[in-house]
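A short write-up of the structure that comes next.
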Amino acid sequence: MGILRFLLAMCVVAAHSRSTILGLPLLQSGMAVKTFFMISGFYMTLILSSKYHADKGGGYWLFISNRFLRIYPSYLVVFGGSVLLLVASSIKLHRPVDRLRLWVDAWHGHHGWGLVLIALSQVSIFGMDAVAQFDFSASHGFGLAGAWGTAGQEAWRFNLLRQSWSISVELFFYLLAPLICVARRQVQVGIVAVAAVGSLLALHFLPARLGWDMTYYFFPFQLGYLVLGVLSYHLLHPLFQKGRIHMAWSWGVLTPFAAVILFWGRMPPMLADGACITLAFFAIPLLFNLTRQVKVDRFIGDLSYPMYLAHIPCKWVMLAVMGVTTTDSAIVPAWSLLLLTTVAAAALVWLIDYPVDRWRQARVVATLAARRGKGTKREVAGITTLQPVMGLADPLKS
């Protein structure tokens, strides 16, 4: 599973570099994010089913707090570094650069309340998916996407880490996951159906820009992909877990899935998108059970989240070296950006993620020990892995 997550992060890095890796027409970044959502739905169901038991004795709070501890430390480090980088660049050039220019324009236009709400969403992460539903005009302020015509700019450009809208979607899902992941299959299928029909209706009845932005970014329309991952766990994980992984599954699912990821750009878009989602539904539980004992694969997967966070600031660093100050339309070599991002991600994993993860796992072990009447908090404080306790070979640092 780790190599899949790394490949998906690589697709996002390549898309935002505006160049290619080895000339490959990789999976479009939006589809890569939706596949990440399916993986998240699968993993959250796995850990809620086997580890947290959110319906018992404070399990919900333990699950939510541990998920937040998984997300926020690395995010806040990268976010803080991004602010410092933009401020330092502005001081050096004696003018606001890139996104800071928009903040200054909005402030001078007396649109402070809009800036406050956007700032709160960037610090909390919650609501960054909603910011993408708005446009900004220095003369008119903030309005729904498309409201100001060509005079407006997408409000997501105010986000220093623009890709973090998807993390907002994840956080909303975590709040609901203990209910959704244990719901009846009919309810889960219904959520997927409502999200799909809602997307079609929004695209048909809403103004073009607003309909597209809502179905691409907004949490209610992304929930269906997350729940597809939940269904993938319930319907297929038990089958593969029992060792019924025939070679035909591997060749028949993983080979075309890899082809879609690597050569998405050479396929008809609608066919490629449908194939990606369908194959991911089968490939995710299959890959999990094939690779759950592979430590190297797990480490590769651990790089995916910090890669997703850090690649935009890494792009800014490369552009600064190149002497470019306008980043959105700039092109950087994808291979160089991937290498720099991977190095930054490894540093975040070792310096931030792993130390916090040890604490998070110890919290769960302490809770389990208390429930079973085994050991004291002092005795379990040094435990850093759940594998001996839960039998999970790949807990996703959950």
For the range 315-328, state whether one or more residues are among the hydroxyl-bearing types (S, T, Y), part of a helix (DSSP H, G or I) and surrounded by fewer than 22 Cβ atoms within 10 Å (Cβ to Cβ). no
List, please: which pairs have Cβ atoms under 9 Å, are six or more places apart or on different chains, and start with a residue in the range 20-40 that is touching a residue at least 60 places away in the same chain (Cβ under 8 Å) and end with one that is surrounded by fewer than 17 Cβ atoms within 10 Å (Cβ to Cβ) and among the small types (G, A, S)? T20/G265; L24/G265; P25/G265; L26/G265; L27/G265; Q28/G265
For E170, all conditions in the list (1) in contact (Cβ under 8 Å) with a residue 40 or more places away in the chain; (2) more than 18 Å from F68 (Cα to Cα); (3) of a type outside the set (S, T, N, Q) hold save one; what is the number of the exception? (2)
Positions within the range 161-182 being buried (at least 17 other Cβ atoms within 10 Å of the Cβ), over 16 Å from the mean Cα position of the chain (by Cα) and not β-branched (V, I, T), in sequence order: P178, C181
Being under 13 Å from the mean Cα position of the chain (by Cα), closer than 21 Å to S250 by Cα and modelled with pLDDT of 90 or more is the requirement here; does A32 meet it? yes
Please verify whether the range 77-100 includes one or more residues that are hydrophobic (A, V, I, L, M, F, W, C), in contact with a Ser or Thr (Cβ under 6 Å, 6 or more places away or on another chain) and surrounded by fewer than 18 Cβ atoms within 10 Å (Cβ to Cβ). yes
For the range 118-137 the number of residues that are of a type in the set (A, V, I, L, M) and surrounded by 17 or more Cβ atoms within 10 Å (Cβ to Cβ) is 6
Matching helices (runs of 4 or more DSSP H) fully within the range 169-284 where at least 2 residues are of a type in the set (A, V, I, L, M) and over 30 Å from Y72 (Cα atoms): 185-205, 219-241, 255-263
Okay, helices (runs of 4 or more DSSP H) sitting entirely in the range 91-157 with 2 or more residues that are under 25 Å from the mean Cα position of the chain (by Cα) and touching a residue at least 60 places away in the same chain (Cβ under 8 Å), I get 128-131
Result of the Cβ filter at 6 Å on the range 287-312, keeping first residues that are more than 18 Å from A346 (Cα to Cα) and partners that are buried (at least 20 other Cβ atoms within 10 Å of the Cβ), at least 6 apart or interchain, is L287/M1; L287/L4; F288/M1; T291/M1; T291/D297; R292/D394
Give the residues of the range 12-30 that are surrounded by 23 or more Cβ atoms within 10 Å (Cβ to Cβ) and of a type outside the set (V, I, T), sorted by residue number. A14, S17, L26, L27
Within the range 259-268, tally of residues that are surrounded by fewer than 17 Cβ atoms within 10 Å (Cβ to Cβ) and in contact (Cβ under 8 Å) with a residue 60 or more places away in the chain: 3
Name the single residue that is surrounded by the fewest Cβ atoms within 10 Å (Cβ to Cβ) among those in the range 194-224 being touching a residue at least 12 places away in the same chain (Cβ under 8 Å) and among the small types (G, A, S). A208
Would you check if I261 is within 24 Å of A132 (Cβ to Cβ) and either at pLDDT below 90 or aliphatic (A, V, I, L, M) (or both)? no
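The values are calculated or read from the model by the stated rules, or taken from the named source; none is laboratory data. Source: prediction; values computed, not measured. Positions of Cβ are backbone-derived with ideal geometry, glycine not excepted, and every protein chain shown enters the neighbour counts.
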